[in-house]
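Engineer: Encoded as structure tokens, here's the structure I'll be asking about.
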Amino acid sequence: MSTQNFENRGHCSMTVFEGEGTVRYTDSKNKHGSLNFPAMHTHVVKLEMAAESEDIESIVQTIQKHGHTGRKGDCIVFVTPIEQAIRIPDDEQGSDILN
């Protein structure tokens, strides 16, 4: 999934993490071990986005359309409220700092 899919819809506040983790294998045909972390066994990409409530449906739809490989176990979306947003350099607060 490309971040361009979100940027085209005006969702630009995001962070992408790539790493390894442990989960129960859901696709036994694609099991693999980690060369970097022997205790880890699955490659993960984590996308974090901060958005207004009215944008959640569009973001989730974009993830559903573009955020999967076709393998069982792909793409879990967590939607959680953000209590406060503060931009550290200038101490600005609120949802306006997200864009």
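Engineer: Between residue 16 and residue 98, with labels modelled 7 Å along Cα→Cβ, what's the label distance in nm to one decimal, could you check?
Structural biologist: That separation, rounded to one decimal, is 2.0 nm.
Engineer: Please work out how much length the chain gains when fully extended from residue 79 to residue 47, using 0.36 nm per residue of separation minus the C-alpha to C-alpha distance, in nm with one decimal.
Structural biologist: Extra length from residue 79 to residue 47 when fully extended: 10.3 nm.
Engineer: Related question: Evaluate segment 43-99: find the radius of gyration of its Cα atoms, find its Kirkwood radius, and give the ratio Rg to Rh. Each step should come with its number before you reach the end.
Structural biologist: Details: Rg = 14.3 Å, Rh = 13.5 Å.
On the Cα set of segment 43-99, Rg over Rh gives 1.06.
Rule-based calculations on the coordinates, nothing more; no lab input. Just so we're clear, the structure is a prediction, and the values are computed from it rather than from any experiment. For neighbour counting, all protein chains shown are included, and Cβ atoms are generated from backbone atoms with ideal geometry for every residue, glycine included.
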